[in-house]
1. Which of the residues belonging to the stretch 61-108 are closer than 19 Å to LEU130 by Cα, crowded, with 21+ Cβ neighbours inside 10 Å, of a type in the set (A, V, I, L, M, F, W, C) and more than 12 Å from the chain's Cα centre (by Cα)?
2. Which of (1) crowded, with 20+ Cβ neighbours inside 10 Å; (2) over 17 Å from ALA88 (Cα atoms); (3) of a type in the set (A, V, I, L, M, F, W, C) does ALA188 not meet, given it meets every other one?
3. Please work out if GLY212 is closer than 20 Å to VAL86 by Cβ, surrounded by fewer than 22 Cβ atoms within 10 Å (Cβ to Cβ) and more than 18 Å from the chain's Cα centre (by Cα).
4. Any chance the stretch 120-138 includes a residue that's among the polar types (S, T, N, Q), open to solvent by less than 10 Å² (accessible area, probe 1.4 Å) and in a helix (DSSP H, G or I)?
5. So in the stretch 40-58, with the set limited to residues that are in a helix (DSSP H, G or I) and not charged (D, E, K, R), which one is least open to solvent (accessible area, probe 1.4 Å)?
6. Quick test of your reading of the structure: ALA37 fulfils all but one of (1) within 22 Å of the chain's Cα centre (by Cα); (2) assigned to a helix (DSSP H, G or I); (3) surrounded by 17 or more Cβ atoms within 10 Å (Cβ to Cβ); (4) not β-branched (Val, Ile, Thr). Name the failing condition by number.
7. Do the conditions hold for VAL114, that is, is it surrounded by fewer than 22 Cβ atoms within 10 Å (Cβ to Cβ) and in a helix (DSSP H, G or I)?
8. So how many residues does the stretch 122-140 have that are under 22 Å from the mean Cα position of the chain (by Cα) and either of a type in the set (Ser, Thr, Tyr) or more than 20 Å from LEU195 (Cβ to Cβ) (or both)?
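The values are calculated or read from the model by the stated rules, or taken from the named source; none is laboratory data. Since this is a predicted model, take the numbers as computed values, not measurements. Reconstructed Cβ throughout: ideal geometry from the backbone, glycine too, with neighbour counts over all protein chains shown. For accessibility, only protein heavy atoms count, side chains too; no ligands or nucleic acids. Shrake-Rupley method; radii C 1.70, N 1.55, O 1.52, S 1.80 Å.
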Amino acid sequence: MTTQSVPTIGADRPARTGSAALVAALGFVLAYFATEALVSAAASSALPLPDSSSESVRSWFADNPRAAVLMGASQAVSVLSLAWFVRAVGARSGRPWGLAAVVLMLVASSCAWVLAAVAPTASLGAVELLRDANFIAGGTAHVVALGTFAFLTSREGAFGRPVRVLSAVALGACVLSLSSLLVFEGAAFILLGRLLCMVWAISAAVSLIRRGRRAER
């Protein structure tokens, strides 16, 4: 009986895979950072923090529906680019986690759109439920899935040690973001984990491109 080995990421065309992955990673990062600029330009006031009262959240979404729609749309574009990245580099063990990260952020975007539509007449209970779903799906749950994707993909693919180490550090920060479910200060790990995963994605794509160029020599 023969056994089949699991192919490494981009084993057949690593340079082409890396180029596609880099474009996707940049789209993921740039669209995410564009969100804040779009919201700031369209909103009449700052977006409420996750620990703000339900009343202030309802007022903001009622007064700034256009900004809420743009926020959800920019986040959706960001994770659709992430889906492209997952398709390009996602190993068998990591791909489900990458796709889970995409779905979770799309859920968060949908919550923002629903809030924009119903905020003027919604009860405070409904607003709180949607706000919490938005925070968990697009925050803690998303980054934990993203960090797990990065970690597993790095170990199945033919990446260098720096990429693998970075994925482990990113996963650690992402797991620590679970503390945000208990204390608001833990939300800092959501941002840190997300940023580290973004740096990892770009680094992983560059690693694939370099490997492809070495193979072509």
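1. Result: PHE61, ALA67, ALA68, LEU70, MET71.
2. (1)
3. The answer is yes for GLY212.
4. No: zero hits.
5. Within the stretch 40-58, the match that is least open to solvent (accessible area, probe 1.4 Å) is VAL57.
6. The one condition ALA37 does not meet is (3).
7. So VAL114 passes the test.
8. The number of residues fulfilling the criteria is 6.
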